[in-house]
1. Please work out whether the range 549-752 counts as rounded, prolate or oblate from its C-alpha gyration tensor, where a ≥ b ≥ c are the square roots of the eigenvalues and a/c under 1.5 means rounded, while otherwise a/b larger than b/c means prolate and anything else oblate?
2. Can you count the Lys pairs in the range 76-195 whose Cα atoms are under 16 Å apart, with each pair 8 or more apart or on different chains?
3. Quick one: grab the alpha carbon gyration tensor of the range 76-195, order the square roots of its eigenvalues as a ≥ b ≥ c, and give me rounded if a/c is under 1.5, else prolate or oblate depending on whether a/b is larger than b/c.
4. If you average the C-alpha positions of the range 298-312 and of the range 336-354 separately, how far apart do those two centres end up, in angstrom?
5. How far is it, in nm, from the label point at Asn394 to the one at Asn703 when both lie 7 Å from their Cα along the line to the Cβ?
6. Test of understanding: express the Cα radius of gyration of the chain as a ratio to 2.2 N^0.38 Å, with N the residue count.
7. Quick check on the chain: helices-only [θ] at 222 nm, where DSSP H runs of length 4 and up contribute -39,500 (n - 2.57) each and the sum goes over total residues. Nearest 500, please.
8. Can you give the local net charge around Phe504? Use residues other than it whose beta-carbon is closer than 12 angstrom to its beta-carbon, Lys and Arg +1, Asp and Glu -1.
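Throughout, read-outs are computed from the coordinates displayed, never taken from laboratory work. Because the structure is predicted, anything quoted here is derived from the model rather than measured. Ideal geometry is used to build each Cβ from the backbone, glycine not excepted, and the neighbour counts take in all protein chains shown.
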Amino acid sequence: MVKFKNNIFKGNWVTMDIELKNGQFIYKGKNIEKDEIPNLDYDNAYKGTISYKILNNHTINHDAAVNCGLNIRFDCMASHDITYVGIIQTARASGLKEFPIPYVLTNCHNSLCAVGGTINEDDHLFGLSAAKKYGGIYVPAHLAVIHSYMREMMSGCGKMILGSDSHTRYGALGTMAIGEGGGELVKQLLKQTYDIKYPEIVGVQLIGKPKKGVGPQDVALSLVKATFKNGFVKNRVLEFFGDGIKNLPIEFRNGIDVMTTETTCLSSIWETDETVEEYFTVHGRKNEYKKLIADDFVYYDKLIIVHLDEIEPMIALPFHPSNAFTIKELNENAVDILKTVEESGNKLLKNGKLDLVSKVKDGKLIVDQAIIAGCAGGTFDNLMIAANILDNNNGTNMNMSVYPGSQPIYMDLIKKGAIEKFIKNGAVVKTAFCGPCFGAGDVPANNCLSIRHTTRNFESREGSKPGEGQLSCVALMDARSIAATAANGGILTSATEIEFEENFDKFVFNSEVYNKRVINCFGKANNEESLILGPNITDWPQMPRLKDNLAMIVAAVINDPVTTTDELIPSGETSSYRSNPLRLSEFTLSRKRPDYVKNAKEIKLRAENFYNNKDIEITKALELAQTKGETLVGSVIFANKPGDGSAREQAASCQRVLGGVANIAKEYATKRYRSNLINWGMIPFILSEEYEFNNNDIIVINNVKTILKDLKVNALVIRDNKIAKELTLSADNFTENEKAIILAGCLINKNRE
């Protein structure tokens, strides 16, 4: 086994706390080589995983063989208030009559109703009316963040849940959950299937016990650091097992699990035990518990070994959860490390300059703001321990806010005295809200450093507007070290360096608030109910079908190594416009390529002129390409690796509304972004060779539909009325359903047909 300090995977890779290995057979808890023990069925050992059994139980073809495609139907679904309007509107346009499975509509993203006038609360009323009309489950604002509610009320051992949020992860509760774009939820509402190849399964073996002061975010950031950049778990399922699990409380497990999204894995699942059984019992749902464990003999396509006892308190600096260091390492090398962050930030800024090094005073790094919130940070355990740390260390005089993940958590924190501890020790306690995670709450001031136990700290997030000289700097940490830092006057401090009481009384769940406020209409759909459509809620515009040929005009070229969905369509206040496709599209790429919307609109107008024989340049390009038959004209963007991060389908649909017909990329960061492109009728082309596109290049593809069968096509780049380059564009394999969607022009068109 070899050590690589640069974190680039080459065979086996190891640090002190994380080991990565390729394919591994495991027999009765021990790693063995193929054929090491006779009479074992090595060819079918993959069927011994928990993942195989759950996937096999949910695919309608009942054969989860490695070489077989899966056609999955989920047990229930969840969306929040920046996704459910578009999903229901899409399903409604496709003939929706009733929700066929439990569909939870939470209101935890636009809860503040602070931007755009009445439009946020209009969306909430739409959600309530849709729940009554189609038989949904409506969770009012401030009651719970989406994933806290789903853990508490909808998870179950052996279940599968689909959510229109990338952090849809309930694996620690024995539930395989997947975050996807809205189109995939629409398919489930229409009784269609989620179609994927059988994914590779990555075993995650937990060994040992975390030391006092180390929390779930520390383990998660170590895992993300070890796997994100090398793509070790991309689009794979993580299956957690090992003796170390028994040493982790259930909310500790949940805290690790929700962050697996940042590794770019497809989903996660954990073996279950009496701790999970106790969780369901406490929440009044003991019948949802089942013992889940892999067979004695099992094969994992890859293996990760996590030495829990060797993990140290971590901090993930801007601008990614994988940009992680131990707090000790950062404190010892603060100036050098922060200079690299400044370099990254200054590449984003058009006006202004990032300055973090000045926050190092007398050799100590001083932070400006502290937040513990949401599905990752706002758990009962995290907040009880954080309250104890503040109370035992004279409180804080810095800007600190905490957000319990749900009202039942809030209520028990009150009973246990934690809320009083927070308030009297200088922290502000707020209601369940996802805003600090995506930029709609507690946005830090420009050039300030915020430490947060939330899920994500990408560039162009948490309120950043780099094109306007505003850059939000968020570092991810565990609640324990955040509280230790706050108690130390903002000096970056590891929770292993202070004294605090770790023990607390067990959580007591009270469902009364849900019983009184949640509207559960599942199985009681009433088609006589009218949808309440506020003035901002509009239908989708008509999308054109794919034609014989394709002429794509380049509207944006992005050469960054990775392009996140936050950059494709910003979060924050723009989320309030998610119910109006045309209005939202005005924000597309606004923080990455501000001229994109203008370019795309001009190309859309040129397409209309071409159809009316009024665009000579496009006509000339088709003549050069010897194009025959009907041609679809639209815009295209090039990006090296687009789609990291959020599941939001609007990252694709906004391009489509503006006349987009495709993306060209070296690879797609996530399966869900590729699915979003397809569901909106956009072809996800792959370019393997190096080529520098320019804006307004015309890329002509004759007989473009052959891409769906042959997975490659020839393309001519027309520049300055001349053929500049002949390229080969390829694509990953399409399912039959995906082919039909692309041919029809989008999922709505396909379902109408």
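1. Working: a/c = 1.42, a/b = 1.30, b/c = 1.09.
It is rounded, given that a/c, with a ≥ b ≥ c, falls under 1.5.
2. Working: Lys97/Lys132; Lys97/Lys133; Lys97/Lys187; Lys97/Lys191.
So the count works out to 4.
3. On the way: a/c = 1.84, a/b = 1.20, b/c = 1.54.
In terms of gyration-tensor shape, oblate.
4. Here the answer is 34 Å between Cα centres.
5. Going from the Asn394 label point to the Asn703 one covers 7.9 nm.
6. Values: Rg = 25.4 Å, N = 753, 2.2 N^0.38 = 27.3 Å.
Output field value: 0.93.
7. Numbers: 26 runs with 224 residues, N = 753.
Calculated from helices alone, the mean residue ellipticity at 222 nm is -8000 deg cm²/dmol.
8. Details: positive: Lys415, Lys416, Lys421, Lys506; negative: Glu251, Asp381, Asp391, Asp412, Glu501, Glu502, Asp505.
Computed value for this residue: -3.
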